[in-house]
1. Select from region 387-417 the residues that are buried (at least 23 other Cβ atoms within 10 Å of the Cβ) and of a type in the set (A, V, I, L, M) and list them in ascending order.
2. Mind listing just one residue for me: the one in region 337-356 that is of a type in the set (S, T, Y) and within 12 Å of I300 (Cβ to Cβ) and, of those, farthest from the chain's Cα centre (by Cα)?
3. Keeping to region 434-455, report how many residues are modelled with pLDDT of 80 or more and over 23 Å from the mean Cα position of the chain (by Cα).
4. Take N1073 and decide whether it is touching a residue at least 60 places away in the same chain (Cβ under 8 Å) and farther than 21 Å from G985 by Cα.
5. Have a look at V906, V987 and point out the one that is under 58 Å from the mean Cα position of the chain (by Cα), buried (at least 23 other Cβ atoms within 10 Å of the Cβ) and under 25 Å from L1065 (Cα atoms).
6. Which residues, taken from region 357-384, are of a type in the set (V, I, T), at pLDDT 95 or above and over 22 Å from G435 (Cα atoms)?
7. Just to check your reading of the model, which residue among S43, S124, S113, S59 is polar (S, T, N, Q), surrounded by 20 or more Cβ atoms within 10 Å (Cβ to Cβ) and either in contact with a Phe, Trp or Tyr (Cβ under 8 Å, 6 or more places away or on another chain) or part of a strand (DSSP E or B) (or both)?
8. Being over 18 Å from T66 (Cα atoms) and in contact (Cβ under 8 Å) with a residue 24 or more places away in the chain is the filter here, so list the residues in region 78-96 that pass it.
Amino acid sequence: MQRSRFGRRDRSARLVLGAAVTAALFSGAARADVLAKWGFNDSTLNPSVIDPNLSYTISAVGGVATSFGSGTSGGGSTDLGLAYQLTAFPAQGTNDRSAGLQVTFDTTSFTVSSFNFDLRTSNSSSRYFELQYTLDGTNWTAGQLYTSPAGDFWNNNNSFDLSGIAAASGNPSFGIRIVSAFSPVGFTTTTAPIATYGPNEAYRAANPDDRNYAASGTWRFDAVTLNGTYVSVPFTPRNLVWNAASGTWDTLAGNQPWLDGGTPASFNQVAGQGDNVTISNPADGSVITVQAAGVTPNSITIVNSGTLTLTGGGIGGGAGLAKSGAGRLILTGTNTFRATLSGSNITQGVLETRATNAMGIGPVSIGNATWNSTTAAQSSAGTVTLTGPVTFDVAADLTLAGGLAGTGTMLKVGPAMLAVGGVGTSTGDFTITAGSLRMDNMGALGGNSQGGGPTPTLTVTDASLLVNSTGNNSATRTRISGDINLHNAVIQRLQLTPGPGPSPSNGDSEFSSYGPGAVPGFVGGIMTISGTTTLSNAETRTAAASDNPGGGGSNNAMVIRMPVVVNSGATLILHSANATQSIVGGLPTGSIANTAVALRSVVSESNPNDSLTLKPGATVQMTGAGEKRIGSTGTGKPIIGLGTTTSESTIKADGRTFLTDLASTGSVNSQLVVAGSGLGGLRIEAPMNAVYNGNDALQCNSGLLGTNPDVSENSIGNVYTLLSPDRLASLSGFANSPTTEADGVTPITRGGTLTLAATDPAGATGAINDGPAAATPVKLGLDIAAGAGNLLYTLSDATAPAAALGNFGGLVLRQSSGSGGVTAQLLNDVTFTGAGAQSSYDQLGGTLDLNGRALTVAGPAVLQAGVIAGTAGSALAAGTMTKTGTGTLTITAPAALAPADGTLAVHQGQVVLSANAGKPAQTGPVAAVANLTINVTGGAVTLGTAQDVSKVISSVAGGVNLAGQTLRIYTLADEAAINSAVAGGRVVDGSIGGNPWQIGITDQIPDAAGNPMVLVQVTRKGDANLDGTTNFTDLLRLSQNYNQSGKLFDQADFTYDGTVNFNDLLILSQNYNQSYASAGAAAVPEPAAAGLLLAGVGLLARRRRPGMGPDGA
């Protein structure tokens, strides 16, 4: 019994609230009740049911080890869930009736009637267990001996009658324990070592086969219950009211004994009841000091418009505190009131707390108010129910250990941390704009309705959300969420400390929009990213350091299982602290076992409401020391890029990155969906390996746009999923099609470019497999950034060469800048199918290694810079290949353009043909294959070797530079146009310089197979027949065409002006008897040339006799 009294009145500004306010008396009305019950489902020793007036202790005794285990195995207890497990019992033949579970109670105000419990015995644990009780807290009396009929068996509904033990009621030192006991009968074991024991000599194993007892055997307790009634005496609380006018307490006659103290026997406070205290509109700045011994009122009601401070001793008992009014209430001390007799309810103004449990240990309701924590870090034990909008202004760390409930909204401001525990039931929205909010349970913020109720929206802006919770089942490790909006935010899974049990902190920390048990048709929320936002995992424990006995690895990923949308211009950073590789799917960043940051599928790949969508200009960046992956082992999500040429959607990684999936298993894997435009769409910027074989059991193949062709494209979640989730159908870039698929989901418009860009490609090689069947295929892009080394990608489909890469719309090859280069290498013939610009090849840099294979492009090719290389048999075929940009494109693959049957259109920059673009003629009947037209409207084409082409068109000065090489043109009608192009300087040869050479053109020389052609090559000036020497044969041809118009070079028009005249004769005479092959030889002296000129004039005169034709015939 507590001795308490009020202090004397103090008429100064500081007044004392005395203990007499809390006088408690017995009353007689009794009620049957469960006084205390332990279900252990929260993995703690906290009771699931407890009478607020009952005090207790619960512990294991006899040196046993404890943990929490399943309450469902072996038939299950009466309270399914978790159970309290004991092991490490005494060795055989020692410490009889000393080890087990012990619970003590103060039953001063109670009549107890019975004690119940469930107990599971393992096969090798003790078969016999005894219930004992104590009436003095020291000496124990045997109550009842129980026998378990089997091992791995739940002995449920064990009950012990306490009604006949009068001293058990009203006793502050009452207790019960259940301990292991020796067998009351003799027995012989059946397993080695065989032993025979007499009665009360040894423990007997629970399994009826009489195997040996083992101290490592286990017991599990559940549904541990004390039943009885609470006994109280009539009590009528008085009213003690603060008189705002006089600044004192009312002193009515009935209140006088409490104010003056009275006698201690007059106020028995055991029941926790006292008087009703009202403080109504005190003067601004009032301070009320509670006496040091504390008080236990029945209720506290405060109405204040100014600032009121309660300081001094603690307030306890069953009271609640109700505050209204716009003023600030400051609670400076720790209180223990439980709000069982009257509620704690804050409906207006500001509540400022400066100590732990300033609002007591009971539940608190708050709405339309502000909770301001100041001065020192603190916690509040009771459940906080949000009845309206609440602002938590956290200047000092505040922990709401009892969790959240209610429908009100919460705004978190202030620089310090707000921590929330428990499994919340709140349904209002949460907004964090400063400091941090820590979740000590994945369900702490409520909303885990599984579709059966509201799911609150969580918004974090310029602040942090810390995840400090995991578990062994989805109910405790997953937050089923409404929309999550993150702007310049951080979500971080903390390094969790090991706790009791086999794996208490093992388990992913998940945010999900869908979960097991969800209501059919439930559509959860979306995570939306803006600004620069980070998802990180601070977990670093390896399997050896895990709290899971015997290793086995951690399973501690930071997981997002909901659709994620990264807005235009935003950056989402995925960061893991662990430096070893990850084996999780989706978009993970490096980790051990599962300690990653992973964007995974919602729950099953058949769920339609899932994707990672990158709007134009959006970036996902994977950082940390570990390996990175884009792909899946069956838990990935579609990755949708909506980038444009000027605003790309990008995935970046700062370490080696793999494209992975599990195609060989037939499972559903990650998909890369390109829904952009032009050279935009989706860009992956990382040092990548396209094939991952890090686990021999997995043998992962490339996951690029999926590799499983046996699944219908119309099914959500298969490897060919290119459909927008209906939850995202209204977003920019979606709903572009007026039709829907059979399942009612709107398709996205596919297009643009998928770009693979390397930043540090050391050791990064691999194969890229085929893509999705699509009416509008996308392009594949390969890129390398400044300063990187060489990078090799291979394109193939070895199992189905006919299909090859046919489902890709095309290829973009690009080298941004710097040394080294990117190489795309064909392993098989590849065809890009589709219509129009989507089925094309774009080269902006790097090397396309045809490798003796054929790349067929149904649409156009856009070439800006780089190298097209390959061995014999290589072929790049396209309708129109367009060279744009100021860079240089070099083609080194022999016959690379032979089957093109199209046009190489050059608009800008330089094209170097270092290998024959066509297939040259061979001796015998094999003719040349020359289907390519070269059309130069800007820039220039330079020959690095002889070329076989169909046509050459140049409309710009210097557009075609023979550079000393031979050009064979198989459109004979173009001979005159070539003469004109040479005359206009549109076809040139940069090797001529100041030498006596010129470009020769003739259709009189067939190719090696006898096919007619137009031969264009440098020769000696005046060499009309292109035999390399200017001689009489050329003079004769000139004489046959002298003074004739409409003539060509091989008719002795050496000036390309269309007429054979004296100027041509002069050129011939100056180079007579000189050869192209002897360019360094001395020329014939001028007099001889003059003599030849005179001789030529005479010859022409003779050949122009009357009656002869223009050719001298």
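1. Correct list: V390, V394, L398, L400, L404, M410.
2. S342
3. Looking only at that region, the number is 2.
4. The answer is no for N1073.
5. Exactly one of V906, V987 is under 58 Å from the mean Cα position of the chain (by Cα), buried (at least 23 other Cβ atoms within 10 Å of the Cβ) and under 25 Å from L1065 (Cα atoms), namely V987.
6. V364
7. Of S43, S124, S113, S59, the one residue that is polar (S, T, N, Q), surrounded by 20 or more Cβ atoms within 10 Å (Cβ to Cβ) and either in contact with a Phe, Trp or Tyr (Cβ under 8 Å, 6 or more places away or on another chain) or part of a strand (DSSP E or B) (or both) is S124.
8. Scanning region 78-96 gives T78, D79, Q92, G93, N95, D96.
The values are calculated or read from the model by the stated rules, or taken from the named source; none is laboratory data. Since we're looking at a predicted model, the values are computed, not measured. We place every Cβ from the backbone using ideal geometry, glycine too, and count neighbours over all the protein chains shown.
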